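One structure is given here, and the rest of the page talks about it.
Coordinate-derived values only; no laboratory data. What you see is a predicted model; the values in this text were computed from it and never measured. We place every Cβ from the backbone using ideal geometry, glycine too, and count neighbours over all the protein chains shown.
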Amino acid sequence: MRKLAFTTAGLLAAPYMASAAEETEAVKEAVINDPSEGWEILWHHVLIDLTAIGILFALIVAFFMLSYRRKSENEEGSSPKLTLGGSLAWTLVPVFVFLADDFYLAANGWKLWNDQRRVPDNAMEVKLTAMMYNWEFQYDNGTLSDPDADGRPVLVVPQGKPVVARMHSEDVVHSFFLPSYHIKEDVMPGRITYLWFYPKNLGETVLTCTEYCGVGHSSMYGKVKVVPAAKFEEMMLAKTGAAPAAAEAAPAEAAGAEGAAPAEGAAPAEGTSAAPAPGAGK
Ligand SMILES: [Cu+2]
């Protein structure tokens, strides 16, 4: 009877389940495993652990110093007498406690690292070129981002859309660093590396080179500017006179779609087809 009820319910629900599945897909796409916050939590965790371990050790040392201090002028010290079991316990228990903590932290780090390497499917791709001593950002429609009034490079991105930078260098090794997003990655000549970040909040944050690349290294900085998605669309329209159709496509599709007609008025990004698909390489 119960089975029958389930079957009937299943049949009745079938048409709705399809749309529910579609909804789940949409939700799944929207869920982004942003490791940025995780790095911050993990870093605090490391600091707390180091502090706790430091205090613990200081207390133990203080305790032994007080307990075994010389109590009279002519007192002679003697070596500590520990049984084999005592010696082993004093060695192994702390080792296991601290290694357990180390492995816990390391495992969390590995998880975050994997999230960091897995580019979300809906990420917007930007081609980054590093050179002594500047950054250049090219969108999927072929246009370049404009520098600010001081001539510093600015990467403008829409809020709420993950951004993946495919990076290469024209000269020496640089490293693209976004301190506010807790991420950096080397940028090298003759090789494409990538990083992705999730611009959740509006506003400007620092981008900089974090690999010494020459005398002008310290001037190799700029900013990431997160603008509302509508404003970004407007900006792209103003730049190209066409909607940034390519920016909407998944990077893998964009990379693999050779022979596909480029969006009207938009030149295909140079080297895009040679860029590895998300998750490839490294
Ligand atoms: Cu540099």
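At a glance:
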item: Test item: Cα-centred dipole of the stretch 152-243, Lys/Arg +1 and Asp/Glu -1 on Cβ, debye; result: 280 debye
item: Quotient of C-alpha Rg and 2.2 N^0.38 Å, computed over the stretch 146-197; result: 1.23
item: The stretch 138-244: radius of gyration and largest Cα-Cα distance (Dmax), Å; result: 14.0, 41
item: Simple Cβ-charge dipole of the stretch 66-147, Lys/Arg +1 and Asp/Glu -1, about Cα centre, in debye nearest 20; result: 540 debye
item: Long pairs among 161/239; 111/223; 184/239, criterion Cα-Cα beyond 24 Å; result: 111/223; 184/239
item: Computed label-point distance, nm, for sites residue 31 and residue 230 using a 7 Å Cα→Cβ extension; result: 3.0 nm
item: Calculated FRET efficiency for the pair residue 61/residue 102, C-beta based, R₀ 30 Å, to 0.05; result: 0.90
